[in-house]
Structure formats: C-alpha cells, structure tokens
Amino acid sequence: MKTNRNKLIPGDILRVFRGIYYHYGVYVGNCRVVHFCSTTRNELDSLSADIVETSISRFANGDPISVDTQIAPVFDREEIVRRARKSIGTKLGTYNLLSNNCEHFAHFCKYGQKFCLQ
C-alpha cells in the first residue's frame with residue numbers, strides 16, 4: 001500500500017522496497033523514522049549498523065513508502081513509538097541480515113517479538 005506522507009500516524013510500521021528486499025522502520029511523528037540501518041551509505045553494512053532516528057526522506061531514500069499492515073499490533077501506537085525511541089543506539093544485538101535486521105526491529109516494537117517475513 002503506497003501512502004501519502006501527510007497521512008502517516010506515529011506508530012505506523014513503514015517499509016520501502018529496495019529492489020530485492022524491504023527496508024523497515026517505525027514512524028515516530030514529525031517526519032521522523034526510527035530504523036535499524038548502517039550509518040554509512042551502504043544500508044546493509046552490518047559493521048556500522050545501529051538503531052537511529054532519521055528524517056523520513058533519508059529513510060525513504062527516494063523510494064515509495066508503504067505502511068505495513070500485515071498483522072494487528074500487540075501494543076498501542078504510543079507504546080510502539082516509546083519502544084522504538086528507547087531502542088535508539090542499542091542495536092538490540094548485532095545486526096544480522098537473517099536474524100536481527102530492520103524488519104526484526106520494527107516487529108519487536110509493534111509485537112514484542114523479533115521476526116522477519118521476508
């Protein structure tokens with residue numbers, strides 16, 4: 001589902017298609033997204049990966065944004081945002097493409113469990 005950035009609600013789980021995978025993050029309001037990504041230009045650089053808060057433009061990187069609505073949330077929107085912001089700088093463990101990535105992080109914030117459907 002493609003979305004209008006003006007209609008995003010804090011607590012939405014966002015995703016952008018990067019050609020072969022989706023990149024996930026948590027919308028926290030004021031055009032800001034918390035996501036697990038590399039702090040270098042290479043989004044998949046696991047050595048520099050961290051949970052960061054960035055602008056929605058940097059998160060999207062020119063790609064269309066959609067809201068992930070696959071499963072109903074366990075937490076309310078305020079708690080999803082709180083969990084995301086509390087995780088900034090923690091990495092929630094070492095980044096791993098298969099077992100601890102951006103989708104795992106977003107699902108942890110929304111459901112309390114890390115899992116990846118990709």
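What follows is calculated from the coordinates using simple rules that are stated; it is not laboratory data. Not measured: the values here are computed from a predicted model. Positions of Cβ are generated from backbone atoms using ideal geometry, with glycine treated the same way; all protein chains shown enter the neighbour counts.
Give a quick list of chymotrypsin sites (Phe, Trp or Tyr not before Pro) in the stretch 27-118 that DSSP marks as loop, anything other than H, G, I, E or B, with at most 16 other Cβ atoms within 10 Å.
For chymotrypsin sites (Phe, Trp or Tyr not before Pro) across the stretch 27-118 that sit outside H, G, I, E and B with at most 16 neighbouring Cβ atoms in 10 Å, the list reads Phe75, Phe115.
How much mean residue ellipticity at 222 nm does the chain get from its helices, if each DSSP H run of length 4 or more adds -39500 (n - 2.57) and you divide by all residues, to the nearest 500 deg cm²/dmol?
-6000 deg cm²/dmol
In percent, how large is the relative contact order of the chain, given Cα pairs closer than 8 Å and 6 or more residues apart? Numbers along the way, then the final one.
Working: 223 pairs, mean separation 34.7, N = 118.
That works out to 29 percent.
If you project the alpha carbons of the chain onto their three principal axes, what span does each projection cover, largest first, in Å?
34, 29, 25
Based on DSSP loop calls and a cut-off of at most 14 other Cβ atoms within 10 Å, the longest stretch of the chain free of exposed trypsin sites (Lys or Arg not before Pro) is what? Walk me through the numbers on the way to the answer.
Numbers: sites that count: Arg18, Arg41, Lys91.
The segment 42-90 is the longest one with no such site.
Can you compute the charge dipole magnitude of the chain about its Cα centre, using +1 on each Lys and Arg Cβ and -1 on each Asp and Glu Cβ, nothing else charged? Give it in debye, rounded to the nearest 20. Could you put the intermediate results ahead of the total?
Values: 16 positive and 11 negative charges, 36 e Å.
In total the dipole reaches around 180 debye.
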